[in-house]
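So the structure is just underneath, and the comments pick up after that.
The values are calculated or read from the model by the stated rules, or taken from the named source; none is laboratory data. As the structure is a computational prediction, the values presented were derived from the model and not from experiment. Quick reminder, even Gly has a Cβ in these numbers, built from the backbone with ideal geometry, and neighbours come from all protein chains shown.
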Amino acid sequence: MSPKEVLAEQSAFGLQRPAHAIDHAKVVAETGANVVDGLTSAEAAERLQRHGRNALDNTGGVQSLEILIRQVANPMNLVTNQSGL
């Protein structure tokens, strides 16, 4: 989800700021969440349909060689190495 999509989703729930930046009691109040019973089955199914499964993709992450290449090819490293600092 892009940052704009996340902000749109927060607005859809009535949040003025990202949920992690607000006290939990205010998030509960603003979203009308039920902290005792959680989501109804219907609401959970609707969110699953709208957002998909809450799962990480299996891309394998960043490889060590890729990290090394990024660090060596970093313009700031190249300038620093050339200047002898």
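Elements of the type helices (runs of 4 or more DSSP H) sitting completely within segment 34-84 and holding at least 2 residues that are more than 18 Å from the chain's Cα centre (by Cα), surrounded by fewer than 10 Cβ atoms within 10 Å (Cβ to Cβ) and at pLDDT 85 or above: these cover 41-51, 64-72.
Among residues belonging to segment 13-33 that are farther than 21 Å from Arg50 by Cβ and at pLDDT below 80, point out the one that is surrounded by the fewest Cβ atoms within 10 Å (Cβ to Cβ). Looking at residues that are farther than 21 Å from Arg50 by Cβ and at pLDDT below 80, I get Gln16. Annotation: Lys4 fulfils all but one of (1) loosely packed, with under 10 Cβ neighbours inside 10 Å; (2) outside any helix (DSSP H, G or I); (3) at pLDDT below 75; the unmet one is (2).
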